[in-house]
Amino acid sequence: MSLEEYKGVFTFAEQVDNKLNGVALELIGKGKELAKDLNTEVTAVLIGSNIKDLADTLAEYGADHVIVVDDPKLENYRTEPYAQALAGVINEYKPEIVLVGATAIGRDLGPTVSARVKTGLTADCTSLEIGDFPLEAREGQEQKHNQLLMTRPAFGGNTIATIACPDNRPQMATVRPGVMVKQDPEKGKKADIIEFKADLTENNKYVEILDIIKQVKKTADIMEAKILVSGGRGVGSPENFKILEDLADAIGGTVSCSRAVVDAGWKPKDLQVGQTGKTVRPNVYFAIGISGAIQHVAGMEESDIIIAINKDETAPIFEVADYGVVGDYKKIVPALTEAIKAQKENA
């Protein structure tokens with residue numbers, strides 16, 4: 001493998017039902033940062049059926065090129081045809097870096113494709129940057145430059161690992177939705193569109209989709225919320241979440257929770273914030289009865305303002321909070337709710 005042949009940053013532009021997943025735009029934003037350090041460009045890879053119209057959106061969010069793989073066999077996601085399509089693009093264009101969203105689709109597609117193109121993949125990355133590997137020069141070992149340094153939590157979130165792939169290309173990573181920041185769109189911006197004809201060969205790995213049943217979500221998308229009122233084990237019971245819901249209603253926010261709450265069956269997993277839940281970036285994040293374990297903090301530490309309410313003054317959550325209140329949330333939160341309501345009435 002001649003590493004010098006591999007150039008450019010490619011991102012997988014995931015779409016379902018001809019609607020782009022938000023992480024597709026986030027990856028382009030991060031890809032632009034990496035590409036700047038490497039003096040190269042970003043190419044979005046769009047796979048599906050009748051999806052060419054989405055290329056303009058990818059361009060507005062920063063893609064320099066868009067490779068469109070359009071085929072009726074790609075109308076709905078199936079591992080084998082999508083893997084053939086993306087692996088075909090990689091083998092043809094030889095990108096230096098390939099980024100995939102760590103969604104249900106990406107977590108299936110990324111590892112499959114990395115095996116096909118004989119490279120490694122770092123999963124669930126929380127940070128990506130260009131740098132040297134090893135991080136510090138070591139006697140007797142070559143330090144390689146312009147490597148993709150992929151950082152992710154390891155050992156249950158108790159440590160952070162930085163991983164590189166210095167001897168193979170492309171360097172591949174899946175990135176959790178909400179971790180990276182998408183650029184502001186540049187309306188009217190156009191990209192170079194390349195139509196790629198993939199060799200989609202049916203084999204015994206193809207599956208037949210008999211039916212697709214779409215379930216209407218009854219829970220709010222906490223990743224889009226500007227204000228989150230999040231509860232942890234310290235809330236005490238599912239019934240006590242009514243106190244948090246009253247505050248959320250008064251302030252125009254959305255209720256979310258920690259993993260302990262989901263594990264106890266108090267709230268659905270769609271509302272979970274943290275390493276094994278969702279990564280959120282609201283303007284205001286209330287952490288109520290949440291101790292602040294590293295696994296939870298990893299999912300909310302980029303919030304603009306963090307307000308912690310906990311009766312334990314030594315709780316780790318206070319270390320990341322902008323404002324902290326030590327006391328019984330059952331007294332503090334209702335008083336705050338009433339004060340907000342009174343302010344609204346007098347406004």
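Things to note:
- As a ratio to 2.2 N^0.38 Å, the alpha-carbon radius of gyration for the range 222-346 is 0.95.
- By average C-beta atoms within 10 angstrom, highest first, the peptides 338-346, 162-170: 162-170, 338-346
- Counted residue by residue at 0.36 nm each, then reduced by the alpha carbon distance between them, the extension gain from TYR206 to GLU345 reaches 44.0 nm.
- Assuming charge only on the beta carbon of Lys and Arg (+1) and of Asp and Glu (-1), the dipole of the range 3-195 about its Cα centre is about 340 debye to the nearest 20.
- Highest mean first, the peptides 177-185, 101-109 sorted by other C-beta atoms within 10 Å per residue fall in the order 101-109, 177-185.
- Within the listed set LEU121, LEU200, LEU99, the Gaussian network model of the chain (springs between alpha-carbon atoms below 10 Å) gives the highest mean-square fluctuation for LEU200.
- With the simple model of a label 7 Å out from the Cα in the direction of the Cβ, THR314 to GLU139 spans 4.4 nm.
- Packing, taken as the mean count of other beta carbons within 10 Å per residue, orders the peptides 7-15, 48-56 from highest to lowest as 7-15, 48-56.
- The simple spin-label model puts a point 7 Å past each Cα toward its Cβ; for ASP304 and ILE194 those points are separated by 3.9 nm.
- The range 1-125 - percent relative contact order, Cα under 8 Å, separation 6 or more: 28
- Normalised size of the range 9-84, defined as Cα radius of gyration per 2.2 N^0.38 Å with N residues, equals 1.07.
- Taking every alpha-carbon pair under 8 Å whose residues sit at least 6 apart, the range 188-347 reaches a relative contact order of 19 percent.
- Listed by chain and number, the lysines placed with their C-alpha closer than 26 angstrom to that of LYS73 are LYS19, LYS52, LYS94, LYS118, LYS197, LYS205, LYS214; residues fewer than eight positions away on the same chain are left out.
- Here the calculated FRET efficiency for ASP221 and ASN91, from their Cβ-Cβ distance with R0 = 41 Å, stands at 0.70, rounded to the nearest 0.05.
Laboratory data are not the source of any read-out in this text; all were calculated from the coordinates shown. This is a predicted model, so every value here is computed, not measured. As a convention, Cβ positions derive from the backbone with ideal geometry for all residues, glycine included, and neighbour counts pool all protein chains shown.
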